[in-house]
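Participant: Okay, handing you the structure first.
Bear in mind these aren't lab numbers, they're just calculated from the coordinates by the rules spelled out. Just so you know, these numbers come straight off a predicted model, no measurement behind them. Please note: Cβ atoms are built from the backbone with ideal geometry, for glycine as well, and neighbour counts cover all protein chains shown.
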Amino acid sequence: MGRPKCFDRIEVLDAAIQLFWKKGFADTSLSDLEKATGVNKSGLYSEFKDKEDIFFESMKHYRDKSPAIEILNKEPLGWANIEALLKASSSCKGNKGCFFANTVREYSIIPDNVKLVIEQNQKMIHENVFKNIKATKTKKDPEALASMIMTFSTGVALKLNAVKPEHVLEEIDSFLELLKS
């Protein structure tokens with residue numbers, strides 16, 4: 001019989017997310033993960049296969065706790081939900097922006113299963129943004145607007161790494177005014 005696990009998986013994943021978000025997948029070592037999580041190598045390997053598995057599980061955990069779909073499904077559907085989604089990443093504690101957006105910078109080297117999580121998440125958010133735009137009864141092409149919002153959202157998430165959130169909030173307001181006009 002093995003030794004009992006002396007750590008909380010969710011706490012490990014939360015710590016790993018912060019580390020991967022800050023350093024990226026390539027620059028995060030197992031030693032870094034040990035320090036960040038407070039769990040030694042054998043403990044990590046008792047729960048995860050390797051660094052790639054920790055990264056994959058971290059991405060899934062981040063996706064599952066993201067408020068994006070909840071924000072986009074709030075009634076009534078429309079511009080207020082899209083505004084709330086765009087502004088949500090500027091009010092985060094700790095790292096700013098979006099872990100997925102920051103990870104896309106390493107797209108060529110991240111594991112395929114992580115790419116799939118990112119792609120599925122983006123598709124799901126895109127579909128919900130589209131649904132909100134359709135509800136506005138805009139005369140503009142809802143698919144084109146949804147694509148523009150997704151691209152803008154990624155840009156905002158990356159920009160939040162370099163500027164204070166209040167600088168981005170003005171840009172979000174201006175962007176939404178342009179879309180609604």
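Participant: Give the long-range amide H neighbours of GLY97: residues separated by 5 or more places, or on another chain, with amide H under 5 Å away, using H modelled in the peptide plane at 1.01 Å from N.
Facilitator: HN-HN under 5 Å from GLY97: CYS92.
Participant: Among the lysines, select those whose C-alpha is under 22 Å from the C-alpha of LYS164, and discard any that sit fewer than 8 residues away in the same chain.
Facilitator: Output for LYS164: LYS22, LYS23, LYS87, LYS93, LYS96.
Participant: Based on the Cβ-Cβ distance of LYS123 and ASN161, what FRET efficiency does E = 1/(1 + (r/R0)^6) give at R0 = 25 Å, to the nearest 0.05? Write out the running numbers ahead of the final one.
Facilitator: Details: r = 24 Å, r/R0 = 0.97.
So, using R0 = 25 Å, E works out to roughly 0.55.
Participant: Give me the net charge of LEU116's neighbourhood, meaning all other residues with Cβ under 12 Å from the Cβ of LEU116; Lys, Arg count +1, Asp, Glu -1. Walk me through the intermediate numbers first.
Facilitator: Values: positive: LYS60, ARG63, LYS115, LYS123; negative: ASP112, GLU119.
After counting each charged neighbour, the total is +2.
Participant: Please say if segment 9-61 is rounded, prolate or oblate, where rounded means a/c under 1.5 for a ≥ b ≥ c the square roots of the C-alpha gyration tensor eigenvalues, and otherwise the choice is prolate for a/b larger than b/c and oblate otherwise? All intermediate terms of the calculation are to be shown ahead of the outcome.
Facilitator: Values: a/c = 1.35, a/b = 1.18, b/c = 1.14.
Judged from the Cα gyration tensor, segment 9-61 comes out rounded (a/c under 1.5).
Participant: Any idea what the dipole of segment 9-61 comes to, in debye rounded to 20, about its Cα centre with Lys/Arg Cβ at +1 and Asp/Glu Cβ at -1? Show your work: numbers first, answer last.
Facilitator: Details: 8 positive and 10 negative charges, 14 e Å.
With Lys and Arg at +1 and Asp and Glu at -1, about 60 debye.
Participant: What's the magnitude of the charge dipole for the chain around its Cα centre, counting Lys and Arg as +1 and Asp and Glu as -1 at the beta-carbon? Answer in Debye, nearest 20.
Facilitator: For this selection, approximately 120 debye.
Participant: Within the chain, which complete DSSP H helices have Cα atoms spanning at least 24 Å along the helix axis and a mean Kyte-Doolittle hydropathy of 0.5 or higher? Kindly include the intermediate steps, with their values, before the conclusion.
Facilitator: Numbers: long enough: 112-135 (35 Å, -0.58); 142-159 (25 Å, 0.88).
The answer, listed by residue number, is 142-159.
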